[in-house]
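My questions will all concern the structure given below.
None of the figures in this text is laboratory data; all of them are computed from the coordinates on show. It should be emphasised that the depicted structure is a prediction, and the values quoted were computed from it without experimental measurement. Positions of Cβ are backbone-derived with ideal geometry, glycine not excepted, and every protein chain shown enters the neighbour counts.
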């Protein structure tokens, strides 16, 4: 499948690398590809510089956002919540009809960690993205986990934990479910339409306190039922 | 142990009944005991009328809030979030030094289900209760589950799921942990001080969407690590 991953942070790199290793044709989208490709400093999470990452993943193509999206069947938004709408808004025409997997959390770190949610209760990032791109099939998922578990759930408890889906388009959710199963996910729980992204996004404050209590981001939740 | 349960709704009845069956001396606190005792209509959740419940649990004493609290070692707040501070505020002196287990969620149902959170991000019901009662040892717990699973976690997956604790007083948390273990809880996860109640309380919106997707409140989450 042709997949575009928007964003070159730790989430973008981890998912792009995983998708490439599974045989997908992957383009990573960034604002300024040549500047990004030349970057030699590590990422904010201590992740390797993009140049190092790309050298190790020669099949991954680095492109502008618009160029990455053009050929893609599925587009993954791995941008931070703060810039998600700024980047996606101008791509509305290019994204038309495509499946857009939204991973964003609206987080405000100005007062440190844990961050505040910038959107909650009556709205969500998933809904904002869907409203900004009404002709795009938005599926919210994977925002409840750290990057390595998103891409390789079997690294924890043999994948015996849960990932959530929210979206208005059943076919798009089926496409995303298949992608997630390709990553190793066995428990993909469809919460319902895109408004249910409020639930998955408002989990973040609990995730942050669990991160604090456990001292590691390598945990997940299993919905026991 | 002498335990007061404040509130006669489904949560109060379920916990009071469970505690009494475990051999604790239980007083249920209510605003007007004689009016409550005479109530013959079912509760909002279809739970049995209080009179029926009390007839089946003859060791449970029904009392005013103040009277129920007077003798108690541990007080459980099973009131709705909307009236929690209204009831607890005037009990500040009576509660001094005691362990107060706060189960409340601040929920606004005026626009239907799922409700909005009335407090989130920078504050929580747990913190509000602790601020209103600075000389009381508040422990937030059990607010992430429906009543029957709170009291009998082994009814689901042999109790292989997680309950959270938040509070500033280590001894109080140890007391509450022992109570929870008495209910059958095996995975009691201490999130940290009372500010971490923000995490446990902001889980509610996900709980509500899971309830919608699963069609039952008989589910829980296990923190897989």
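When DSSP beta bridges are limited to those with both residues in chain A, what percentage is antiparallel, rounded to the nearest 5?
Restricted to chain A, the bridges split so that about 15 percent are antiparallel.
While we're on this one: From other protein chains only, count the Cβ atoms within 10 Å of every residue's Cβ in A:163-173, then give the mean.
Average neighbour count from other chains, rounded to a whole number: 1.
Here's a follow-up. Counting residues in region B:70-146 as N, plug N into 2.2 N^0.38 Å and put the Cα Rg over that result.
That works out to 1.11 for region B:70-146.
Then there's this: In what order do A:64, A:141, A:162 fall by count of nearby beta-carbon atoms within 10 Å, going from fewest to most?
A:64, A:162, A:141
Share of antiparallel DSSP beta bridges in the protein assembly as shown, in percent to the nearest 5?
For the protein assembly as shown, the DSSP antiparallel bridge percentage is about 20.
What are the semi-axes of the equivalent ellipsoid of region A:25-65, taken as the square roots of 5 times the eigenvalues of the Cα gyration tensor, listed largest first and rounded to whole Å?
Semi-axes, largest first: 16, 12, 9 Å.
Just to confirm my numbers, what's the Cα centroid distance between region A:99-153 and region B:131-191 in Å?
30 Å
How high is the FRET efficiency from residue A:181 to residue B:218, r the C-beta distance, R0 30 Å, rounded to 0.05?
0.70
If you don't mind, another one. Of all beta bridges DSSP finds with both residues in region B:88-219, what is the antiparallel percent, to the nearest 5?
Approximately 35 percent, going by the DSSP bridge assignments.
First check a/c for region B:139-225, with a ≥ b ≥ c the square roots of the eigenvalues of its C-alpha gyration tensor; if it is under 1.5, answer rounded, and if not, answer prolate when a/b is larger than b/c or oblate otherwise.
Judged from the Cα gyration tensor, region B:139-225 comes out oblate (a/c at least 1.5, b/c at or above a/b).
Using helices alone, I'd like the mean residue ellipticity at 222 nm for chain B: each DSSP H run of four-plus residues gives -39500 (n - 2.57), total over residue count, nearest 500.
Theoretical 222 nm ellipticity from helices: -10500 deg cm²/dmol.
What ranking of A:52, B:8, B:195 emerges when the number of other C-beta atoms within 10 Å of each C-beta is taken as an exposure proxy, fewest first?
The most exposed by this proxy come first: A:52, B:195, B:8.
Still on this structure: Just grab the label-to-label distance for residue A:174 and residue B:64, each label 7 Å out from Cα along the Cβ direction, in nm (one decimal).
6.5 nm
If a/c stays under 1.5 just call it rounded; otherwise compare a/b with b/c (prolate if a/b is bigger, oblate if not). Do that for the protein assembly as shown, with a ≥ b ≥ c from the square roots of the Cα gyration tensor eigenvalues.
prolate
Going by how many other Cβ atoms sit within 10 Å of their own, how do A:161, B:111, A:24 line up, fewest first?
Listed from fewest to most nearby Cβ atoms, that is B:111, A:24, A:161.
Still on this structure: Could you state the principal axis extents of the C-alpha atoms in region A:2-214, from the largest down, to the nearest angstrom?
So the extents along the principal axes, rounded to whole Å, are 40, 40, 37.
Could I ask something else about it? Can you give the mean number of other chain Cβ atoms that lie within 10 Å of the Cβ atoms in peptide B:216-223?
Partner-chain Cβ atoms within 10 Å, mean over residues of B:216-223: 5.
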